[in-house]
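Asks: Next up is a structure, given as structure tokens.
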Amino acid sequence: MVSGSGKRRRSCAAAMVCENGQPMRPTFHIAVFEGDGIGPEIMAPALRVLKTAAEASRACTFTFETVPAGAAHYAESGVALPPSSLKAAREADAILLSAMGLPHVRYPDGTEISPQIELRMALDLYAGMRPVFVLPGANCPLSDPRALDIDFVLVRESTEGLFASVGRGVVDGDSEARETLRITRKTSEKLFDFAFRLARQRKQSGRGRGEVICVDKANVFKAFAFFRDIFVERSAEFSDIGASAEYVDAIAMRFVQRPWEFDVLVTENMFGDILSDLGAGIMGSLGLAPSGDIGDEHAVFQPCHGSAPDIAGRGVANPMAMILSAAMMADWLGHQHAEPGLIACGERIRRAVGEVLVEGNTLTADLGGSATTDMVGLAVEQACGELVA
Ligand code: ATP
């Protein structure tokens, strides 16, 4: 997986040491936000799967530090993202986050508690990677047999766009409300470079055609015309990668009609928020959709879904999106630290999830089964251990 600008320091903890002539495995320290609702339920199996896969791939050792944040923490303490948790996140090699927010816990202005958005801003995680793929056995709602070929990545800018207005919106009495969308050249350039590098990497690994589509609304809004102009400028630096731009409404239709044609899509924050749920719908369930929010120095990996309070506490949530997010983290760490074992670890987890889906006997209710969260986690863990590298 492509990294931010690739400037990330090599962690001391991750340094390789030799002992008895055998290279010692590196250790990676992970900050873990269990969050709210189903968060802790899906995080526990994901951490077990990660450890098993790392062991089976002889990739590395993971250490986990659970740190508080979220709506329940805000209700208890009045703070959604404690400074100590942010510090732990900054110091970690990578961050795993399940889901945060509860509909009944809100700030005084009525908005939901979203420390994950604060984290994206604080750590400058500008590139939100939302892979969309259809695994055999998933409930893809598209009947066309080409749906099994769907394998693309939506890159959602995650620090500005309409979300730059979070907490700054204005309501004038009961007559008018305003929010402001912000696009900057600096972030857009980094975002587009990330998308082009990702397309190049996918092409080199045989996963994509090497094409990036900029998704915008440049025919109506000046901010999006500006966004598109920067995209065209940056595309000149990546002459081996195809570049085109389309309006978001046309792309939304293609998501339903011909999504197997996509390779890499890059878009503004709010459009990306909406399209990523559409992508999760194509994958068959929100419970299957992973994501990574990536910056130059840090990265947070979390499922696309929320805290699902309607099913929390029952042990029936699908942990696969969280597990696949952990796989993305292994992949990202592998590329950041040039550790092929970690890339293999991520691939092993993805294949194990695929095996459990195809086998079809251990699925949660969202995928038509009756298994519990822990049963699915255990099945993936077993598949991870059994897979031949
Ligand atoms: P947010 O705005 O925080 O993303 P949301 O309002 O989109 O959250 P979710 O919490 O993602 O809502 O839940 C949407 C629906 O999907 C709910 O019915 C929920 O139970 C279901 N859902 C979400 N995640 C899972 C999961 N991992 N397993 C099973 N069902 C899930």
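The values are calculated or read from the model by the stated rules, or taken from the named source; none is laboratory data. Owing to the predicted nature of the structure, the values given are computational and were not obtained by experimental measurement. Heads up, the Cβs are rebuilt from the backbone with ideal geometry, glycines too, and the neighbour counts pull from every protein chain shown. Only protein heavy atoms, including side chains, enter the accessible area calculation; ligands, DNA and RNA are left aside. Shrake-Rupley method; radii C 1.70, N 1.55, O 1.52, S 1.80 Å.
Asks: Here are some residues: 76, 118, 55, 65. Which one is touching a Leu at 6+ places or on another chain (Cβ under 7 Å), of a type in the set (Asp, Glu) and either open to solvent by 10 Å² or more (accessible area, probe 1.4 Å) or within 16 Å of the ligand (Cβ to nearest atom) (or both)?
Replies: Criteria check complete, one pass: 118.
Asks: Could you please find all residues in the stretch 88-115 being of a type in the set (S, T, N, Q), open to solvent by 10 Å² or more (accessible area, probe 1.4 Å) and touching a helix residue (DSSP H, G or I) at 6+ places or on another chain (Cβ under 9 Å)?
Replies: 114
Asks: Does the stretch 36-86 hold any residues that are touching a residue at least 60 places away in the same chain (Cβ under 8 Å), assigned to a loop (DSSP other than H, G, I, E, B) and either under 21 Å from residue 332 (Cβ atoms) or β-branched (Val, Ile, Thr) (or both), and which are they?
Replies: The answer is 38, 57, 58, 59, 60.
Asks: Can you pull out the residues in the stretch 200-212 that are farther than 16 Å from residue 128 by Cβ and open to solvent by less than 50 Å² (accessible area, probe 1.4 Å)?
Replies: Scanning the stretch 200-212 gives 202, 208, 210.
Asks: Tell me yes or no: at least one residue of the stretch 154-174 is farther than 28 Å from residue 113 by Cβ and either in contact with a Gly (Cβ under 8 Å, 6 or more places away or on another chain) or outside the structural domain of residue 262 (by TED's automatic domain parsing) (or both).
Replies: No, the stretch 154-174 contains no residue that is farther than 28 Å from residue 113 by Cβ and either in contact with a Gly (Cβ under 8 Å, 6 or more places away or on another chain) or outside the structural domain of residue 262 (by TED's automatic domain parsing) (or both).
Asks: Quick check on this structure: which one of 275, 342 is in the same structural domain as residue 38 (by TED's automatic domain parsing) and touching a helix residue (DSSP H, G or I) at 6+ places or on another chain (Cβ under 9 Å)?
Replies: 342
Asks: As an exercise: evaluate residue 243 against (1) part of a strand (DSSP E or B); (2) open to solvent by less than 30 Å² (accessible area, probe 1.4 Å) and give the number of the one condition it does not meet.
Replies: With respect to (1) part of a strand (DSSP E or B); (2) open to solvent by less than 30 Å² (accessible area, probe 1.4 Å), residue 243 is out only on (2).
Asks: Filter the stretch 278-294 for residues that are within 12 Å of the chain's Cα centre (by Cα) and either more than 10 Å from the ligand (Cβ to nearest atom) or more than 18 Å from residue 135 (Cβ to Cβ) (or both); which is surrounded by the fewest Cβ atoms within 10 Å (Cβ to Cβ)?
Replies: Among those residues, the one meeting the criterion is 292.
Asks: Can you spot a residue in the stretch 317-340 that is in contact with a Phe, Trp or Tyr (Cβ under 6 Å, 6 or more places away or on another chain) and within 13 Å of the ligand (Cβ to nearest atom)?
Replies: Yes - at least one qualifying residue is present in the stretch 317-340.
Asks: Further question on the same structure: Pull out all pairs, ordered by first then second residue, where Cβ-Cβ is under 8 Å, the residues are six or more apart or on different chains, the first lies in the stretch 277-288 and is farther than 21 Å from residue 316 by Cα, and the second is near the ligand (Cβ under 10 Å from one of its atoms).
Replies: So the pair list comes out as 279/289; 279/304.
Asks: To continue, here is another question. Considering only the stretch 171-199, state which residues are open to solvent by less than 60 Å² (accessible area, probe 1.4 Å), β-branched (Val, Ile, Thr) and not in a loop (DSSP other than H, G, I, E, B).
Replies: Once the filter is applied, which keeps residues that are open to solvent by less than 60 Å² (accessible area, probe 1.4 Å), β-branched (Val, Ile, Thr) and not in a loop (DSSP other than H, G, I, E, B), the stretch 171-199 yields only 187.
Asks: For residue 229, state whether it is acidic (Asp, Glu) and in a helix (DSSP H, G or I).
Replies: Against the criterion (acidic (Asp, Glu) and in a helix (DSSP H, G or I)), residue 229 qualifies.
Asks: Take the residues in the stretch 362-381 that are out of contact with any Leu (no Cβ under 9 Å at 6 or more places or on another chain) and charged (D, E, K, R); name whichever of them is farthest from the ligand (Cβ to nearest atom).
Replies: Among residues in the stretch 362-381 that are out of contact with any Leu (no Cβ under 9 Å at 6 or more places or on another chain) and charged (D, E, K, R), the one farthest from the ligand (Cβ to nearest atom) is 381.
Asks: Related question: Would you say residue 299 is within 30 Å of residue 105 (Cβ to Cβ), open to solvent by less than 40 Å² (accessible area, probe 1.4 Å) and either away from the ligand (no atom under 16 Å from the Cβ) or among the basic types (Lys, Arg) (or both)? Write out each step before concluding.
Replies: Working: within 30 Å of residue 105 (Cβ to Cβ): yes; open to solvent by less than 40 Å² (accessible area, probe 1.4 Å): yes; either away from the ligand (no atom under 16 Å from the Cβ) or among the basic types (Lys, Arg) (or both): yes.
The answer is yes for residue 299.
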